[in-house]
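The values are calculated or read from the model by the stated rules, or taken from the named source; none is laboratory data. Just so it is clear, the model here is predicted, and its values are computed rather than measured. All Cβ positions, even for glycine, are placed from backbone atoms using ideal geometry, and neighbour counts span all protein chains on display. Side chains included, ligands, DNA and RNA excluded: accessible areas come from the protein's heavy atoms. Shrake-Rupley method; radii C 1.70, N 1.55, O 1.52, S 1.80 Å.
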Amino acid sequence: AADVADLERRLPRLQGSERARVLADLTDACKSDNAKKAVAYGEEALALHPDPATEVRTRNELGWAYMTLGDNDRAEKTIEAGRAIAEANHDEAGLARALNNLGVIARARGNFARAVELFNASLEHYRRTADRKAIAMGYNNLGFVYGTDLSDYEAGIRYHLEALRVREAMGDREGVALSLNNIGIIYSRLGDYDRAFANLLRALELRRQIGAKNRIAATLSNLGEIELSRGQTQRAMTYHQEALALRRDIGEKSGIAVSLRTLGDLHLALDEVDQAAPLLEEGLALATAIGDKGLRARALLSMSALERKRGHASAARRDAEEALAMSTTMKARDVTRRAYEELSASYEAEKNYGAALDAFRKMKQENDELLAEGRQKQIASLEVRYQKERREREIEALRHADATTKLQLAQRRFERNAAVALIVVVMVIGFLLVRRRSEIARINAELSVTDALTGLKNRRYLTQTIEADVAVALRRQTEGNDLVFLLVDVDHFKSVNDQRGHAAGDRFLQEFARVLRQTSRSSDVVVRWGGEEFLVIARFTDRVGAVHHAEAIRKTIEETSFTVDGGPPLQRTCSIGFAAFPFVPSAPTLLTWSQVLRFADDALYIAKRTRNTWVGLRAATNGESFAERDTETLIAAGAVIVESSERGAVAAAL
């Protein structure tokens, strides 16, 4: 603010090229917090026909001001003109800035591949100028696209940490705050809310000292998201309301749209439909006017949830379908996952259960792939760090052994004894290292098939072991040697996260897994299948007895009180779907185990229509066309029999 006031005092005395340069400085200084004033200064500077370097700089910062006001088309046109001038005059800094700004616009339009391309090109030009501040910004922008838009958290955190390293070395407080903010966002997406909150609070403190309103608002919004994840709804509301007020004050349209949608979602989670509606409607209109595809897709999903709450299922479905189409084009996988989830709920509200099941499966597939990718990257990252630390420990151990040997040489002064001692030491160290490597290999192998949250086996374990169980089941075609797949899903789990926070949700899943293990036999395998869904593989059992196993699980969960935090105990129910392999006993190889598992998945979906229910599917015929026809058609044709704990309710739902 002091710089702006000083520049404005100087301006009346200036003319020509000197006035144009000061106007360019004012455009840069006002582009974020007072974009309308920046536009006026920038347009006046261009009207003076400044030298090429000043014109390029003015166009870059004027374009940013247009972006702040939500006019991306005008921003792109202004910046592209500056880019052409920069290329013609070999202006590396101006060209790098133009490419960076065009990358920001490409990201806003949902073209993330183009954004990465432009940010990389910008970074290459900045490296030629040796401008460390700009280089850090290049790392920052790449980290934001990878970590926020493409859900590649490993790449995102790597770029943000590199930006932070450069900024800290320079003493760039504003840049350090930006890096801390973005690192906090990634930790939040990984579910590490304490670390996320700590980074964001440091960023907020720095930004309040600097006084950049738009940056303060961004961090406040991020802190609100963390508080919501922790179940602190009122604190989240306070952060988001303060962020919205700041964004309205500076006219930052994209930020206003984000705050409106977030506050609307908060009211919707509290079933305050009347308060949510005007916020979500204004947010959608603003996102549409700006032309930011990512904002619009997320706003449409919020509107879809609102329409469902209002009882307008068809309108909800249309909003979800449009969001899905946009997210697919943008390749924004997290938005795609949410779109399938909302689409499934909308189809179910329309009683179009077949379409709902298809959307539900696609949502699960997206979710599972995201979880699997994230887990693999985290394990790889941990392994790299561990290997580095291990090498350092081994080197230190060998140094210590060498020092010990030299001491023995000095004390004994007998070469042969010293050599023997050295051999013994090396052999001992070698033995210990081999044993340690063996133990590490065993631990890594165990971790690779274990769910980190619940301690249950994971999907990888199933794929590694199921073929052996299938082979035994096929060899022993006698009573009591079936494999029964029971898929167990927590009813209304989302409300745990919404009302008590994600930390409480994680604790609930841990307790649920413990109860599920206790309810199953020691020979059964219990797998974390994804999210709040679990798979119990009852090995070498009788398919007829599967109903008793399912009922035991259902009843136990229904009667259990789950303690997840300092609040009152939680009561939840579960839905269960099951099917046995071989599905057709008279033709045991007709269907694969994965096809039988799909029948269990379909049975679970049927059970979810009534909840607190188990549903089993079994063959009524020789099943010649089981693999080609959908489940509901097979049920209608009498080829598949439905067993359920709530026969009347399930029959009505079919």
Looking at segment 289-322, which of its residues are modelled with pLDDT of 90 or more and closer than 30 Å to residue 76 by Cα? 296, 297, 298, 299, 300, 301, 302, 303, 319, 320, 321, 322
Index of the failed condition, residue 264 passing every other in (1) touching a residue at least 24 places away in the same chain (Cβ under 8 Å); (2) buried (at least 22 other Cβ atoms within 10 Å of the Cβ); (3) out of contact with any Pro (no Cβ under 9 Å at 6 or more places or on another chain); (4) not β-branched (Val, Ile, Thr): (3)
Find all pairs meeting these conditions: Cβ atoms under 6 angstrom apart; at least six residues apart or on different chains; first residue within segment 219-244 and assigned to a helix (DSSP H, G or I) and at pLDDT 90 or above; second residue among the charged types (D, E, K, R) and open to solvent by 20 Å² or more (accessible area, probe 1.4 Å). 220/242
Determine which member of the set 538, 546 is without any contact (Cβ under 8 Å) to a residue 60 or more places away in the chain, among the small types (Gly, Ala, Ser) and buried (at least 19 other Cβ atoms within 10 Å of the Cβ). 538
Within segment 448-478, the count of residues that are in contact with a Lys or Arg (Cβ under 9 Å, 6 or more places away or on another chain) and β-branched (Val, Ile, Thr) comes to 5
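Could you please let me know if residue 607 is over 27 Å from residue 497 (Cβ atoms), hydrophobic (A, V, I, L, M, F, W, C) and surrounded by 19 or more Cβ atoms within 10 Å (Cβ to Cβ)?
No; evaluated as a whole, the condition is false for this residue.
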For segment 609-635, pairs from a residue that is under 30 Å from residue 558 (Cα atoms) and of a type in the set (A, V, I, L, M) to a residue that is at pLDDT below 80 and open to solvent by 40 Å² or more (accessible area, probe 1.4 Å), with Cβ under 9 Å and 6 or more apart or across chains, are 635/654
Would you check if there is a residue in segment 491-512 being out of contact with any helix residue (DSSP H, G or I) (no Cβ under 7 Å at 6 or more places or on another chain), more than 30 Å from residue 270 (Cα to Cα) and open to solvent by 90 Å² or more (accessible area, probe 1.4 Å)? no
Would you be able to tell me the number of residues in segment 555-591 that are assigned to a loop (DSSP other than H, G, I, E, B), touching a residue at least 60 places away in the same chain (Cβ under 8 Å) and more than 30 Å from the chain's Cα centre (by Cα)? 4
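Given segment 124-191, what helices (runs of 4 or more DSSP H) lie entirely inside it while holding 1 or more residues that are among the charged types (D, E, K, R) and under 19 Å from residue 333 (Cβ atoms)?
Numbers: elements: 132-144, 153-170, 173-189.
In segment 124-191, 153-170, 173-189 are the helices (runs of 4 or more DSSP H) which contain 1 or more residues that are among the charged types (D, E, K, R) and under 19 Å from residue 333 (Cβ atoms).
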Any residue at all in segment 186-195 that's at pLDDT 90 or above and open to solvent by less than 40 Å² (accessible area, probe 1.4 Å)? no
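Being part of a helix (DSSP H, G or I), touching a helix residue (DSSP H, G or I) at 6+ places or on another chain (Cβ under 8 Å), free of Cβ contacts under 8 Å to residues at least 40 places away in the same chain and among the aliphatic types (A, V, I, L, M) narrows it down to one of 65, 93, 40, 98, so name that one.
It is 65.
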